[in-house]
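Remarks on the structure that follows.
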Amino acid sequence: MLPTLVALDVFNRSLSEGRPEPTVAAEVERETDYFRDTIGEVESADDLLADFRLYRFAMTAFDLSETLESRAIVQRVLSENPQDQDALSRRLQDSRFRTMATSFDLGKLQTLSPQVESLIEQRAQQPSFLRPAIEPTATNEGLRLAADFLDTAETLTSWDQVLNDDNLSEVVFTALDIPIEIQLADDDELIEELEKRYDIADFQMARKREDFAKLFARQYDVEVTGFIDQVAEQYRVVRSEIGAGETNNGVRLASYFGRQAENITSWFQVLAEEPLRQVVFTALSIPLEAQGMDVDRLAEQLAERYDIADFQDPEERERFIERFAVQFDLENGTGLGPSSGALAILQSASASLAASPILNTALF
């Protein structure tokens, strides 16, 4: 078996070239095609959970494949508004659920098709009393938003009216591609930007309203398609890591850590996620008996042993991954021999770590 560092390099090159792990390539292609074909039919957490194949794909994409049995938690996480202070995803220690909750908007996974644009055009040209009703629970959230805009746009005379209505704001921000940092700015700055991009007086003309609704539909589709592409890419990476882990689990752990490390700001994050914990404990040679310590005490000791801010530095992250990989091989007898280059890396990394006053402090 190849040393973990060598296998990790091969794995990373394969991913960077857009290729999944060879052992799972056929599965990745098959499951991704199914996801793209069926995700548009999902309107709720219950719909996702009812299709185990789709549910497994989503859970894998968000690094939660080992928690497939936590269906009740997933149902609640995806049904609640993740921005609510009492939302379960905000209270769980495992940040992966929070990432899934904030990313996976099940009400906005259906694109606005040309047929929907045709409906928008028809609706824009009809008197209000003849327009077909769009139910609040319409399967296409974009259609409901567009219809709501067409019903009210001709009454708009100021951007303040738009900002005071969440639905109208979403339509306008999406259609005009307003960056999130501008959306979060104070109202005066936001209104100044909107005035630069569009003349609100145009909403008084039926054709202009129709064109704006179509612009919204096109931009909405771009966002939906982009999200679907993002989830598909996440699945390719995570499923490839799982496949590589079947041969060498060190590769899977190192790759996962490499993706997550720059987002680590607390040792409690590490202790809450088994893969991160394994990497850190292995890299720092923490003995098994110490892993059962009180969590608060263990986090305190880790802070004394290693500066967590170093995970924000790409070079430091790379050195930490190298140390983990070599230590993993030493502990598991993977790809190491007397002439192994990995041993030289370990010796170099050990010397560097030993030179640090923080890391030279005995932990256990």
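The values are calculated or read from the model by the stated rules, or taken from the named source; none is laboratory data. These numbers were taken from a predicted model, which means no experiment stands behind them. Neighbour counts run over all protein chains shown; Cβ positions are idealised from the backbone, glycine included.
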Only one of (1) over 26 Å from Ile39 (Cα atoms); (2) part of a helix (DSSP H, G or I) does not apply to Gln219, and that is (1)
With the first residue restricted to the range 314-332 and required to be farther than 14 Å from Asn249 by Cβ, and the second required to be of a type in the set (Phe, Trp, Tyr) and buried (at least 20 other Cβ atoms within 10 Å of the Cβ), Cβ contacts under 6 Å at 6 or more apart or on different chains are Arg317/Phe311
In the range 1-19, what residues are of a type in the set (Gly, Ala, Ser) and either without any contact (Cβ under 8 Å) to a residue 12 or more places away in the chain or surrounded by fewer than 16 Cβ atoms within 10 Å (Cβ to Cβ) (or both)?
Ser16, Gly18
Could you check the range 225-240 and list, in sequence order, the residues that are out of contact with any helix residue (DSSP H, G or I) (no Cβ under 7 Å at 6 or more places or on another chain) and β-branched (Val, Ile, Thr)?
Thr225
Pairs, first more than 22 Å from Leu143 (Cα to Cα) in the range 84-111, second among the hydrophobic types (A, V, I, L, M, F, W, C) and assigned to a helix (DSSP H, G or I), C-beta under 6 Å, six or more apart
Leu88/Val77; Ser89/Val77; Ser89/Phe97; Ser89/Ala101; Gln93/Ala272; Asp94/Ala272; Phe97/Val77; Ala101/Val77
Are there any pairs, at least 6 apart or on different chains, whose C-beta atoms fall under 6 Å, with the first in the range 20-44 and closer than 11 Å to Arg239 by Cα and the second polar (S, T, N, Q), and if so, which?
Pro20/Ser240; Glu21/Ser240
Within the range 250-263, does at least one residue satisfy the condition of being crowded, with 19+ Cβ neighbours inside 10 Å and either among the basic types (Lys, Arg) or more than 23 Å from Pro314 (Cβ to Cβ) (or both)?
yes
Having 1 or more residues that are of a type in the set (Ser, Thr, Tyr) and modelled with pLDDT of 85 or more is the bar; report the helices (runs of 4 or more DSSP H) wholly within the range 260-364 that clear it.
274-283
Glu210 - would you say it is exposed (fewer than 14 other Cβ atoms within 10 Å of the Cβ) and farther than 17 Å from Thr111 by Cβ?
no
Evaluate the following for Leu48: is it closer than 13 Å to Val231 by Cβ and touching a Lys or Arg at 6+ places or on another chain (Cβ under 6 Å)?
no
In the range 73-95, residue surrounded by the most Cβ atoms within 10 Å (Cβ to Cβ) [restricted to those that are of a type in the set (S, T, N, Q) and in a helix (DSSP H, G or I)]
Ser89
Among the residues of the range 187-205, is any more than 25 Å from Phe97 (Cα to Cα), modelled with pLDDT under 95, outside any helix (DSSP H, G or I) and of a type in the set (A, V, I, L, M, F, W, C)?
yes
Regarding the range 24-36, can at least one residue be identified that is at negative phi, within 18 Å of the chain's Cα centre (by Cα) and surrounded by fewer than 16 Cβ atoms within 10 Å (Cβ to Cβ)?
yes
Among the residues of the range 313-333, is there at least one that is out of contact with any His (no Cβ under 9 Å at 6 or more places or on another chain), surrounded by 12 or more Cβ atoms within 10 Å (Cβ to Cβ) and farther than 23 Å from Pro3 by Cα?
yes
Selection over the range 207-263 where residues are within 21 Å of the chain's Cα centre (by Cα), under 18 Å from Thr174 (Cα atoms) and free of Cβ contacts under 8 Å to residues at least 40 places away in the same chain yields a count of 2
Ala232 versus (1) surrounded by fewer than 20 Cβ atoms within 10 Å (Cβ to Cβ); (2) among the aliphatic types (A, V, I, L, M); (3) farther than 30 Å from Glu41 by Cα; (4) at pLDDT 90 or above: which is the lone unmet condition?
(3)
Return the residues of the range 57-72 that are under 18 Å from the mean Cα position of the chain (by Cα) and either of a type in the set (A, V, I, L, M, F, W, C) or surrounded by 14 or more Cβ atoms within 10 Å (Cβ to Cβ) (or both); say none if nothing qualifies.
Phe57, Ala58, Met59, Thr60, Ala61, Phe62, Asp63, Leu64, Ser65, Thr67, Leu68
